[in-house]
Amino acid sequence: MKTSLIYMFLTVLSATSLTACSDDGFDGDAPKDWAGTTTFFTPTDEKGFSTYYTPAIGRCGDPMPFYDQKAGEFKVLYLQEYDINDDKRFHPIWGVSTTDGANYESIGEVLAVGASPLQQDAALGTGCCLYNESDGLYYLYYTGHNGNCENREVVMRATSPDYKTWTRDNLWSLKGTDYGFSRTDFRDPQIFKAEDGLWHMVIVSTLRFAEFTSSDLKTWSHAGSFPMIWDRQCECPDIFKMGDWWYVVYSEGYRASWSRKVKYMMATSFEGVKACFNDPGANWPKDGREGVLDSRAFYAGKTASNGTDRYMWGWCPYRTGSDIHEKNLNVGAGGEPNWSGALVCHKIIQHEDGTLSLGEVPSMASKYKKESIPEVKASNGVSLNGADGTLSGNDAYILYSRLGTANHISFTVTTSNNWDRFGVSLVRGTDSEKYYTMVVNPENENTRKVNFEQEGPAGRGFVEGIDGYNFPRPADNVYNIDIYTDNSVMVMYVNGTYAYTNRIYGIQKNCWSINNYGGNITVSNVSVSEY
């Protein structure tokens, strides 16, 4: 066992070293002139990400966060995905801890897969964890998945007094068939306390949510069910109260590119929020976007609160392809994206009317504190003032110096009218035939949306399936943009309250630009810092 671990460590270390050598140009050639050149470069992602957590080996799937009041920290469990999984025993539950959603410490494996391929929980699926003060135990409810069993999916549990040693409760399970639900689809249990003072468990079954109640987290009684949305399967539910409002957050597992996103319903009571699903078209939040919270590149989002702030964790999928350009276009517009990726954390923003959006976690900016002076490398149609400037005309842009591996790009755009269109491009060089742009696009005079486009002479333009959601035009036409990158994971925030997540390969060590598309925009406060 020890020899195996040493071999694994040396393999990862070797891969990381080779990556660093390739990126820095020490593979037999002279070091690359990063500061003096602007041509396109093909970088390689590091093993294990520094901000958007990815394990050194494998990836994160379906986060299960909770706030551990005993330890005073968030714990984020996740399904550990490998490049090659056993065909019967897969997805052990691993975890990380964090106090701020920006810095993580690995907990390692929390619950192993079943010891035998014949066990009901030979493979593990999504669930939830919580601490019960009344008996001093941590409870982990999860999905036991085995296609060879009578019930492919059942809800199971394990307990621990210290979050280190876990005991499976092999004498207990919830089977959907005992209550008129599916034997193949009965998963993703989520537990919370409702107005009646009881623990409630909501479980995903085929096009319905099953509901159970308990007074002690041990004995559960069936309490009925409520529908999902038409023919759309809703996964990974999360139910919580925030202020005067109750929310159900869910991930809509429909294959259509416009639908497979994290969404929410809201009402002034738990019973009311369940009733929203009876006529979802009429009951979606009045936020102009059917309750959508991010792009297609943020999935399986669930939340946890420390009593002051509530955060949401989801995963940003990895992408496959023969090169950077093929991967960046492989967003799953005709089907599902690749399953699993990097943990992305947002702060929940609750607006005065109760609607929700996502902003950056407070500790993110302070983490990226190594200042990197943005130098203007090329421009067109611009009146420059240092790194700032006024851009006029359809092809106006400012091209800035190369980025690092993990970056915080910040700037302000002021548009001259209610229709000006602007964007920020990544993976751009002076010789690039293709590069990638987040375009802040006017959907109408008072509504904006972040579109993803492949620009350049050989670019295909709008990329279906990875655009953002509608948000209101700022009344003063001022857009404060913050972009955080960690290798190929990128999150863009607009005015601190609207989030757009994407996986864009090739960001690091390439130039970037701010662009104008007709009209006039003023760019100010341009800054770049690294981690």
*With every protein chain left in place, what is the accessible area of Phe181 in Å² (1.4 Å probe, nearest 10)?*
30
_Using 0.36 nm times the number of residues separating Asn480 and Ala256, minus their current alpha carbon distance, what extension gain do you get?_
77.5 nm
_Under the 0.36 nm per residue contour assumption, what length would be gained going from the current alpha-carbon distance of Glu105 and Glu530 to full extension?_
151.0 nm
*So what is the calculated 222 nm ellipticity per residue for the chain, using -39500 (n - 2.57) for each DSSP H run with n of 4 or more, over all residues, to the nearest 500 deg cm²/dmol?*
-2000 deg cm²/dmol
*Return the distance in nm (one decimal) between the two label points of a simple spin-label model at Ala378 and Tyr82, each offset 7 Å from Cα along Cα→Cβ.*
4.6
*Can you check how the C-alpha radius of gyration of segment 68-207 compares to 2.2 N^0.38 Å, as a plain ratio?*
1.07
*Please tell me the relative contact order of segment 408-520 in percent, rounded to the nearest whole number, where contacts are Cα pairs under 8 Å and at least six residues apart.*
32
*Among Trp339, Trp313, what's the order by accessible area (1.4 angstrom probe), most exposed first?*
Trp339, Trp313
_Stretchable slack from Thr167 to Asn418, in nm (0.36 nm times residue separation minus alpha-carbon distance)_ = 84.4 nm
*If one takes the longest principal axis of the Cα atoms in the chain, at what angle in degrees, from 0 to 90 and to the nearest 10, does the Cα axis of helix 2-24 lie?*
20
_Rounded to the nearest percent, how much of the accessible area of segment 272-312 (1.4 Å probe, protein heavy atoms only) is carbon and sulfur?_
42
*So for Asp244, Asp482, what's the accessible-area order with a 1.4 Å probe, most first?*
Asp244, Asp482
_Burial ranking of peptide ranges 501-507, 77-83 (average Cβ count within 10 Å, highest at the top)_ = 501-507, 77-83
*Rank these by accessible area, largest first, 1.4 Å probe: Glu252, Glu443.*
Glu443, Glu252
*Backbone N under 17 Å from the Tyr179 label point (7 Å along Cα→Cβ), restricted to segment 100-128*: 126-128
*Lys193 versus Trp230, label points 7 Å from Cα toward the beta carbon: distance in nm?*
3.9
_Two-site FRET efficiency, Asp33 against Leu207, from Cβ-Cβ distance with R₀ of 60 Å, rounded to 0.05_ = 0.55
*Solvent exposure of the chain as accessible area per residue, Å², 1.4 Å probe*: 39
*Given a Förster radius of 56 Å and the C-beta distance between Ser215 and Ala56 as r, what FRET efficiency does 1/(1 + (r/R0)^6) yield to the nearest 0.05?*
0.85
_Suppose the Debye formula is applied to equal point scatterers at every Cα of segment 323-464; what is log10 I(q)/I(0) at q = 0.14, 0.16, 0.17, 0.20 Å⁻¹?_
-0.95, -1.25, -1.39, -1.60
*asked:* I need to check one value: relative contact order of the chain, counting alpha carbon pairs closer than 8 Å and at least 6 residues apart, in percent.
replied: 13
*Tensor-based shape of segment 452-531 (alpha-carbon gyration tensor, a/c under 1.5 rounded, otherwise prolate or oblate)*: rounded
*Probe 1.4 Å - accessible area at Met266, Å² to nearest ten*: 20
*Derived scalar couplings ³J(HN,Hα) [segment 98-110; Karplus, 6.51 cos²θ - 1.76 cosθ + 1.60; whole Hz; x for Gly, Pro]*: 7, 9, 9, x, 10, 10, 10, 10, 6, 8, x, 6, 9
*Spacing of the two label points (7 Å from each Cα toward its C-beta) at Glu464 and Lys286, in nm*: 3.4
*Grab the beta carbon distance between Asp431 and Ala275, set R0 = 51 Å, and tell me the FRET efficiency rounded to 0.05.*
0.35
*Over segment 76-127, what relative contact order in percent results from Cα pairs under 8 Å that are six or more residues apart?*
36
*Principal axes first, then extents: for the Cα atoms of the chain, list largest minus smallest coordinate on each axis, whole Å, largest first.*
71, 59, 40
_Per-residue SASA entry for Cys149, accessible area with 1.4 Å probe, Å² rounded to 10_ = 40
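The values are calculated or read from the model by the stated rules, or taken from the named source; none is laboratory data. No experiment lies behind these values; they were computed from the predicted model shown. Neighbour counts are summed over all protein chains in view; Cβ atoms, including those assigned to glycine, are modelled from backbone coordinates with ideal geometry. Accessible surface areas use protein heavy atoms only, side chains included; no ligands, DNA or RNA. Shrake-Rupley method; radii C 1.70, N 1.55, O 1.52, S 1.80 Å.
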